[in-house]
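Have a look at the structure below before the remarks.
The values are calculated or read from the model by the stated rules, or taken from the named source; none is laboratory data. Just so you know, these numbers come straight off a predicted model, no measurement behind them. Cβ atoms come from the backbone with ideal geometry, glycine included; neighbour counts cover every protein chain shown.
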Amino acid sequence: MAGAMALAWINPGVTRADTWDLVKFENRDYVSIQNVADFYKLQNTADDGKSVYLKSPGCTIQGAAGSKELTINGVKFILSYELLPQDGKILLSRIDLTKLVEPVLRPSKMRNARPIRTIVLDAGHGGHDRGATSGFGDEKDFALDTVMRTRELLLKRGYRVVLTRSNDTFIPLNERAKFANQFRDGIFVCVHFNAGSPTGTGIETYTLAPRFVPSTDQDGPAVSDMQLCAGNIDDPENMALATAMHASLLNRLPMTDRGIKRARFWVLRECTVPAVLIEGGFVSNPQEASRIAQPVYRQTLAECIVQAIGNYQRAIGQQPNGLLVNNGGGGGSRTPAMSVTNSNLNGIGIGATNNNPFQSVGSSVPMDGTAARVGASLGNGNEGPTVVVPRQH
Ligand SMILES: [Zn+2]
C-alpha cells in the first residue's frame with residue numbers, strides 16, 4: 001500500500017470537498033467512501049468500516065466491504081473491483097468512481113452526450129442461430145418479437161427506429177455494430193434472453209467494460225483488456241443508458257435483479273453510439289421461459305425499453321419524445337419520474353471547466369481520454385442533478 005496522495009482543486013469559489021485522497025492498492029487508485037460522500041454531498045451513515053450507506057433526499061448508495069455489489073437507489077451495479085476495507089475505512093476504486101458512480105449520479109454533466117433521434121434495435125441471434133432454446137420457444141423469436149413491439153411504441157412517439165433484423169435472418173455481429181454506427185444521433189439497444197442453469201433467474205443489463213478493467217465474469221484484467229475498444233468513446237453514456245434501462249426493467253417486471261454488468265461483447269465493443277445489451281430473463285429456466293413466452297411479458301419489456309430511452313434523454317438534458325414520462329410521475333406507469341432534484345446536491349460546483357472529479361489542474365495522475373470526459377461541467381449552480389436511477393428504497 002502506497003501513501004495517500006492529495007489532489008487539490010484549483011478552482012475559485014468551490015465550497016464543498018475540494019480534495020481527493022488517492023490510495024494505491026495493487027497498482028490501482030482508490031478513494032475513500034467518506035471522500036465520495038463529501039464530494040457528492042451525501043451523508044455517510046455507516047462509518048463502521050464494513051458497510052456503505054450514503055444518503056441524501058434523492059440518492060441512496062449501499063454496499064459492503066469485500067463486495068462488488070453496489071446499489072444506487074435500489075438498483076444493483078456490479079463494480080469492476082470490490083469495495084476495499086482499509087484501516088477501518090472502505091475504499092472505492094477510482095475507475096468505478098469515474099466510470100460508474102459519476103455518470104449515474106450526474107448524467108447531465110456528460111459533456112459529449114449527443115441528443116437522441118434514432119433508436120437502433122437489435123434482436124439477438126436469428127436464422128440458424130436460435131440462441132437459448134426451450135419448450136416454450138427460442139430466444140431468437142422472443143428477442144425479435146420484443147424488438148418489433150418496442151419499434152411500434154417508439155414510432156408512435158415520433159422516434160426514428162431502425163432494426164438490424166426484422167425477420168428470422170442471421171446477421172453477423174460486426175454487421176450489426178457497423179449498421180448502428182451510421183446513426184450518429186442514435187443509441188443501440190440489443191435484446192437477448194439468457195441461458196444458464198435451470199435455476200438461473202432474473203434480468204441483467206450489460207454495458208461495455210472500460211479500458212483496463214475486467215469483464216464482470218472475469219477475475220482480473222486480461223492483456224486484451226488493456227486495449228481501448230471503439231465503444232469506449234461513450235463510456236459515461238453507456239453506463240447512463242444501461243442504468244436507465246436496467247432500472248426501468250426492474251421497476252415493472254417482477255424479476256430478480258442480477259445487476260448492471262460489464263462485458264466486451266462484440267456489439268458493445270464496436271458500437272460508437274451509446275450501447276446497451278439487455279438479458280430479459282432466462283429461457284433456460286422453465287418458469288421464466290413460460291413467462292417470457294407470454295406476449296404480455298414482452299409487451300411490458302418493450303414499454304420498459306421505451307420508458308428507459310425517455311429517461312436517458314431526460315438525464316442528458318434532452319426532452320424525451322412523446323409524453324411517456326412527465327415531470328411529476330410515470331404518466332400512468334409505475335415508474336416515478338427520474339428527475340430527482342436534490343437540494344443537497346445542488347451547486348456542487350467544481351467549476352465550469354472541470355468535467356471530472358479527478359480532472360484537476362496540476363493533477364499528476366494520468367486519466368485516459370474517456371475518463372476525463374465523465375462529465376461535470378457545472379455552469380449553473382441552481383441546476384439540480386438528475387440521478388439516472390428513478391427508484392428509491
Ligand atoms: Zn442471446
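Applying the set (1) within 16 Å of the ligand (Cβ to nearest atom); (2) loosely packed, with under 15 Cβ neighbours inside 10 Å; (3) β-branched (V, I, T) to I203 leaves exactly one unmet item: (2).
Consider segment 127-157 and keep the residues that are touching a residue at least 60 places away in the same chain (Cβ under 8 Å), farther than 19 Å from G186 by Cβ and assigned to a loop (DSSP other than H, G, I, E, B). The one that is farthest from the chain's Cα centre (by Cα) is G135. Hand me the list of strands (runs of 3 or more DSSP E) wholly inside segment 1-101 holding 3 or more residues that are modelled with pLDDT under 95. Ranges flagged: 5-8, 19-25. Taking the listed residues L100, L121, the one that is under 29 Å from P210 (Cα atoms), buried (at least 16 other Cβ atoms within 10 Å of the Cβ), under 18 Å from the mean Cα position of the chain (by Cα) and within 16 Å of the ligand (Cβ to nearest atom) is L121, with no other qualifying.
Output the residues belonging to segment 180-196 that are within 16 Å of the ligand (Cβ to nearest atom) and not in a strand (DSSP E or B). Within segment 180-196, A195, G196 qualify. Please tell me if A113 is assigned to a loop (DSSP other than H, G, I, E, B) and either more than 13 Å from the ligand (Cβ to nearest atom) or of a type outside the set (S, T, Y) (or both). Answer is yes for this residue. Set side by side, the residues F142, F136, F170 differ, and just one is within 16 Å of the ligand (Cβ to nearest atom) and crowded, with 24+ Cβ neighbours inside 10 Å, which is F142.
Residues in segment 158-166: is at least one assigned to a loop (DSSP other than H, G, I, E, B) and within 16 Å of the ligand (Cβ to nearest atom)? Yes, because at least one residue in segment 158-166 is assigned to a loop (DSSP other than H, G, I, E, B) and within 16 Å of the ligand (Cβ to nearest atom). You will find that of A180, A240, the residue that is under 20 Å from V161 (Cβ atoms) and buried (at least 24 other Cβ atoms within 10 Å of the Cβ) is A180 and no other.
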